[in-house]
Amino acid sequence: MSSKNDNKITDSENTQEISPKITDTKFLDQTLRPNSWDEYIGQKNIKENLKILLTAAKQRQHPPEHLLFYGPPGLGKTTLAHLIAHETRAQLKDTSGPAIEKVGDLASILTNLSPGDILFIDEIHRLNKAIEEVLYPAMESGVLDIIIGKGPSARTIQLELPAFTLIAATTRIAMLSAPLRSRFSGGVFKLDFYTEEEIGKIIERSSKILNVEIDGEAKEEIAKRSRSTPRTANYLLKRSRDLAQIREQKLTNDIVKESLEMLGIDNMGLNAVDRAMLNVIEDKFNGGPVGLNTLAASLSEEQSTIEDVYEPYLLQLGFIERTSRGRVVTDRARKHLSKK
Ligand SMILES: Nc1ncnc2c1ncn2[C@@H]1O[C@H](COP(=O)(O)OP(=O)(O)O)[C@@H](O)[C@H]1O
Ligand SMILES: [Mg+2]
């Protein structure tokens, strides 16, 4: 039913990488993924809260309570889940909302957990209602309700599950039902965009791992254009590194600029779709307001992609605003576009 849609969501995670489709993100993500709290830059508040929660759970010799991370793609949700598993020496089982299609899928995942495991469910907003219902008792009381038989003779048996921690991630917190949200007893954490300084540190670390020499100016240039997003910063670093390597040059500011120009990324980190979105609102709809569905149709993009991938950063920049009647372009965005 939703296989087209599934692709779309996977795409949206990587949309900042622009077409043609880049397939090396998995690999890149793994080599550059922080493995300790010190390597995980920024998100100070979340880190402090998690450290207390994890230490307290350890003292009680009990798995930490369930955690939910939300925020735009590439800010470090998956990384946090893996980091927690690493730091608590727990085994992490990795799945996602779209992968759990039937109640039976979830039942089999849950019954295969070992005590102390972390179950990571990415894109949890894509779980359907029936599956959510099965998840509630599992999260709350560690039991799995199984219905045996059909009709009047049907009966429910309860299976005791091993103690586990659910860590979930979503780009769409608003799509999560209140009952599901409330079951994340360990906390619901919003990841913020990163400061330029934090992104700078991430680039420094990544360039060491990738073994590239990068000068200060080049680092700042990438940081400035990375949409305040670690994944994008790493991506831009890699693409600039490629150009430097082919040219047999050092990774300088000029190389960064040239490489980003070739990728269609402007001096604020906006890509072609971001600019098209602003231009459509401005030119076709007189600056707005324009509804999300109309906007999506004009851009030939999915509404969810616009909401998940493009809009958060444009909102953060103050380039668009959301009103009750739709999206509007701001003067700040107009200024930026007119400089082109
Ligand atoms: N706080 C951080 N410090 C250093 N690198 C980070 C941080 N957060 C994310 N990254 C880098 O960005 C990449 C994307 O992060 P990821 O956790 O996959 O994002 P999300 O799951 O939120 O989409 C990671 O592989 C990692 O290399
Ligand atoms: Mg992720």
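The values are calculated or read from the model by the stated rules, or taken from the named source; none is laboratory data. On a predicted model such as this, the values are computed, not experimentally measured, just so you know. Here the Cβ positions follow ideal geometry from the backbone for every residue, glycine too, while neighbour counts run over all protein chains shown.
Values for this structure:
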item	result
From Ala57, Ala85, Ala107, residue being part of a helix (DSSP H, G or I) and within 16 Å of ligand 2 (Cβ to nearest atom)	Ala85
Helices (runs of 4 or more DSSP H) contained entirely in the stretch 121-212, each with at least 2 residues that are closer than 20 Å to Ser108 by Cβ	129-141
Yes/no for Ser182 being outside the structural domain of Leu243 (by TED's automatic domain parsing) and either at pLDDT 95 or above or closer than 30 Å to Glu133 by Cβ (or both)	yes
Residue in the stretch 88-100 that is hydroxyl-bearing (Ser, Thr, Tyr), within 15 Å of ligand 1 (Cβ to nearest atom) and assigned to a strand (DSSP E or B) present	yes
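A quick yes/no check of all residues on (1) within 15 Å of ligand 1 (Cβ to nearest atom); (2) surrounded by fewer than 17 Cβ atoms within 10 Å (Cβ to Cβ); (3) touching a residue at least 12 places away in the same chain (Cβ under 8 Å):
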site	(1), (2), (3)
Thr111	no, yes, yes
Arg155	no, yes, no
Ala163	no, yes, yes
Ala168	yes, no, yes
Ala178	no, yes, no
Phe184	no, no, yes
Lys190	yes, yes, yes
Glu196	yes, yes, yes
